[in-house]
Structures are given as structure tokens and as C-alpha cells.
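The values are calculated or read from the model by the stated rules, or taken from the named source; none is laboratory data. This one's a predicted model, so the numbers in the text were calculated from it and none came from an experiment. We place every Cβ from the backbone using ideal geometry, glycine too, and count neighbours over all the protein chains shown.
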Ligand SMILES: [Zn+2]
């Protein structure tokens, strides 16, 4: 079974700790190459996330450094960058592992379309519009009285549509979600968000948002973040996450739900889903409850469709 994961932060970890080796087994890496191999993860989205303590004026450059880490230490014959729909199709056909570069949070964009296009030229194929805070594009889900897309944010959406970049609404506050959905000409994704009806957290999507995402042929990636999965503080298990999957499917989302682990962006993991290597356990649990054809959609089919529709 092919596995496509829609979000991880391993690049940020490698950028922070230059001594870490992506290709060596290391307890510090949840989505290092040995774990991707163990979990049979074929296609992985790697986000450049700039920590918010990096000051304005340094953030764009920090993304360049992470892109440099990607090409110097991560991308290889064994793990090839994906830039186009043809690349995506080729990886699938030849059963090669593939990597898709993203930026997480337009706070690193520093208000410039030139910078967005520069990232694109360097291989970035998607952007999560915000992190938890507001930025020049829109407000994040952690803002107390959030607004939607700014005038600059609208130009960013138009430019991402023109370039064929994936628009990711995870972390975005609700008003921005609706603005993006109305404005974007291409389907959008929520790379790592769960269902708010099951776990009441502003980082999760409401039923109304999930239905709108479905109507727009978008895809949401259920994420392995414990406090986006259950309301109470306790150890979380795969079964808890499957409640979110059941919920999204009950809303008509069988063709619109996948997984975005957030590995290397989380410190506390599920009891039974600790690294990308644990994807085998998730697969096993899915096959008990769902038909194989459905599991294929969750594990790769839905991501492949939406990425194929947007990438040029
Ligand atoms: Zn995130």
C-alpha cells in the first residue's frame, strides 16, 4: 500500500540541529529516512517552518536555509523532489519515494510576491498561509479576534493559483478559511487538521468547513497531534484518531480525507503512533474498519488527486 503523508517538520529540525543526519536512525527524528522506509511512506510533504522567534527580516532567509538543507542533506536518488504532476505520476509509476517542499506560514514571506516566486523557483510547491499568529496574508487560529485575508493575502492566493501552488488552510483562523475558499480557483487542502466536532480546538475544522472543503474537491489531512485529537488530557491512540476519520466520512468525505502526521513538529506522540515507522500500525487499524479501496484513498489516493489537480 502506497503511503502519502501531507505534513512533517523534519526540515526545521535538521535546520536547528545541523548534526542530525536525515539518513541515519536517530531517536530525535520521527520522520527521518529510516522511519519513512520502515513505515513504507512513499511520498512525504516537508514543510519549511520558521520559528516565530526568528525576527522579521531574517525569516525569508531562514526558509532559504531550510531549502538548502533539503537539497544538500535530504533530496537524493532515493528520495526525489516532486515539482510537477508528471513527477508525481512518475514516482507512483516507478514506485520511487518522493518529496514535496512546502513553506508553513506566510510570516516567512515578508510581504513580497517576489519572495513567493523565488521559493517557487527553488522548488516550493505549497504554502500553509499562516501559523498560529496573524501575518501579512491573514490571521492564524491562535488570534483572539481574527480577521480574514488582507489585500496582500488576496494577491498571494491569486499568485499561488497562477503558479500551481497548493494552498494549505491548516492553522488559518475561520474568517480566512472562508475568504480563501471563495477566492481560490483551485481546490485547497488542510494539510494537518482534525475535526472540531470530535475535538474542540480552533486548529480543527468545523463540520461546515469540512463540507465546504468537500464541495470544493479539497482534502484534509488528519493529524497525529494529541490535543487536536481528544478533549481530555491523556494518552491518545490510533482508535481516537479513527473517530475523526469516521466523522469526516459520515459527512461525505471518503474522497476528501487523508493523513498529515506533523511528525518532528510534535514532541508528545500517540501511544501507538510514534514515528513515520508506525504507519504500518495505522494501516492495519484502517483495514479492520474500512474497505481496502477506501483505505487506499485515505493513504494516498485523495492526496494524489488534489496534488495532481493543482501542480502544473
Ligand atoms: Zn503546523
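For the range 114-146, how many residues meet the condition of being away from the ligand (no atom under 15 Å from the Cβ), surrounded by fewer than 20 Cβ atoms within 10 Å (Cβ to Cβ) and in contact (Cβ under 8 Å) with a residue 60 or more places away in the chain?
0
When you check residue 161 against the structure, is it part of a loop (DSSP other than H, G, I, E, B), surrounded by fewer than 17 Cβ atoms within 10 Å (Cβ to Cβ) and away from the ligand (no atom under 16 Å from the Cβ), yes or no? Quick ask: steps written out before the conclusion?
Numbers: part of a loop (DSSP other than H, G, I, E, B): no; surrounded by fewer than 17 Cβ atoms within 10 Å (Cβ to Cβ): yes; away from the ligand (no atom under 16 Å from the Cβ): yes.
In short, no.
Residue under question is residue 167, and the condition is that it be within 16 Å of the ligand (Cβ to nearest atom), modelled with pLDDT of 95 or more and buried (at least 18 other Cβ atoms within 10 Å of the Cβ); does it hold? Working first, answer last.
Values: within 16 Å of the ligand (Cβ to nearest atom): yes; modelled with pLDDT of 95 or more: yes; buried (at least 18 other Cβ atoms within 10 Å of the Cβ): yes.
So residue 167 passes the test.
Of all residues in the range 4-21, how many are more than 16 Å from the ligand (Cβ to nearest atom) and either assigned to a helix (DSSP H, G or I) or buried (at least 23 other Cβ atoms within 10 Å of the Cβ) (or both)? Show your work before the answer.
Going residue by residue through the range 4-21, those that are more than 16 Å from the ligand (Cβ to nearest atom) are 4, 14, 17-21.
Next, only the ones that are either assigned to a helix (DSSP H, G or I) or buried (at least 23 other Cβ atoms within 10 Å of the Cβ) (or both) stay: 4, 14.
Of the residues in the range 4-21, 2 are more than 16 Å from the ligand (Cβ to nearest atom) and either assigned to a helix (DSSP H, G or I) or buried (at least 23 other Cβ atoms within 10 Å of the Cβ) (or both).
Taking the range 244-266, which residues are within 16 Å of the ligand (Cβ to nearest atom) and assigned to a loop (DSSP other than H, G, I, E, B)? It would help to see each step written out before you state the result.
Pass one, the range 244-266, residues within 16 Å of the ligand (Cβ to nearest atom): 258-266.
260, 261, 262, 264, 265, 266, listed by residue number.
One line per residue, one yes/no per condition, for (1) surrounded by fewer than 22 Cβ atoms within 10 Å (Cβ to Cβ); (2) out of contact with any helix residue (DSSP H, G or I) (no Cβ under 8 Å at 6 or more places or on another chain):
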{"site": "250", "(1), (2)": "yes, yes"}
{"site": "264", "(1), (2)": "no, no"}
{"site": "283", "(1), (2)": "yes, no"}
{"site": "288", "(1), (2)": "yes, yes"}
{"site": "298", "(1), (2)": "no, no"}
{"site": "308", "(1), (2)": "yes, no"}
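Which residue, of 95, 65, is at positive phi and either touching a residue at least 12 places away in the same chain (Cβ under 8 Å) or surrounded by 14 or more Cβ atoms within 10 Å (Cβ to Cβ) (or both)? Even if it seems obvious, please write down each step before you answer.
Details: 65 fails: at positive phi.
Being at positive phi and either touching a residue at least 12 places away in the same chain (Cβ under 8 Å) or surrounded by 14 or more Cβ atoms within 10 Å (Cβ to Cβ) (or both) holds for just one of 95, 65, which is 95.
Please find, among 200, 204, the residue that is buried (at least 21 other Cβ atoms within 10 Å of the Cβ) and either within 16 Å of the ligand (Cβ to nearest atom) or on the phi < 0 side of the Ramachandran plot (or both).
Working: 200 fails: buried (at least 21 other Cβ atoms within 10 Å of the Cβ).
Matching residue, one of 200, 204: 204.
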